[in-house]
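Here's the structure, in structure tokens; my notes come after.
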Amino acid sequence: MAETHVLFVEDDDVIREATQLALERDGFAVTAMPDGLSGLESFRRRQPDIALLDVMLPGMDGVSLCRRIRDESTVPVIMLSARADSIDVVLGLEAGADDYVTKPFDGAVLVARIRAVLRRFGHAGGPAGGAGGGDADRAGQDQGGVLVFGDLEVDTDGMEVRRGGAPVALTPTEMRLLLEFSSAPGTVLSRDKLLERVWDYGWGGDTRVVDVHVQRLRTKIGQDRIETVRGFGYKLKA
């Protein structure tokens, strides 16, 4: 089996070299770059399986680099931020990142988060996990595995979404999130439950990850399609 290729963009020489060695010891093939521009060039040249981007980078910051990558690819992106409460975390998620890790980070935690993201993206099991399982019948599943909610169609077999007949481009994380909602329309899903099911967190996580992805999903499928239930979570309007 081919090694998983990680693009790691970090301007701090010590962090870059130590993290590269740690990831390589865990079996990853790593391309490490010191700035955003070289990171973008490497991404286009080698098409990695996952990208780790520091927020603060010279030449092109990590948020801008994430946005450029997302314009060209659905490859998973994890942002690295020095402050857990930084607005840069939200900006990175809004730019299309799938997750983030706060620095300084433990190598084992970083590897666990990488593997969790890769599982969601189909490197281990299907990209949808168990989201479209037995409960899908309650959503009014058509023949061929298509769930219909007004003008929104979710093809759980082909992993495609259409709105008003037009295709909707979703990242794999957004697709998994939509599948969770569409498998139980009208049911309130808490942020913690979504972190567990979509982000594969077996521990507590930052619910901002959920909130930003829900907002991104709303912009693509309709702002009023997913309802906020204050104090509890979100639900897909049946």
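For the stretch 45-71, which residues satisfy the criterion of being of a type in the set (Gly, Ala, Ser) and within 17 Å of Leu118 (Cβ to Cβ)? Break it down into steps so the answer makes sense when it comes.
First, the residues of the stretch 45-71 that are of a type in the set (Gly, Ala, Ser): 51, 59, 62, 64.
Scanning the stretch 45-71 gives a single hit, Ala51.
Can you name the number of the only condition in (1) buried (at least 17 other Cβ atoms within 10 Å of the Cβ); (2) of a type in the set (Phe, Trp, Tyr); (3) farther than 18 Å from Gly92 by Cα that Trp199 fails?
(3)
Does at least one position in the stretch 94-107 carry a residue that is open to solvent by 30 Å² or more (accessible area, probe 1.4 Å) and β-branched (Val, Ile, Thr)?
yes
To keep it simple, each residue is scored yes or no on (1) surrounded by 16 or more Cβ atoms within 10 Å (Cβ to Cβ); (2) farther than 21 Å from Ile15 by Cβ.
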| residue | (1), (2) |
| --- | --- |
| Gly59 | no, no |
| Val63 | yes, no |
| Cys66 | yes, no |
| Val75 | yes, yes |
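Provide a single number: the residues in the stretch 39-57 that are buried (at least 17 other Cβ atoms within 10 Å of the Cβ) and free of Cβ contacts under 8 Å to residues at least 24 places away in the same chain.
The number of residues fulfilling the criteria is 0.
The values are calculated or read from the model by the stated rules, or taken from the named source; none is laboratory data. The model shown is predicted, which means the values in this text are computed figures rather than measured ones. When we count neighbours, we look across all protein chains shown, and the Cβ atoms used for this are built from the backbone with ideal geometry, even at glycine. Heads up: the accessible areas ignore ligands, DNA and RNA and are worked out on the full protein's heavy atoms, side chains in. Shrake-Rupley method; radii C 1.70, N 1.55, O 1.52, S 1.80 Å.
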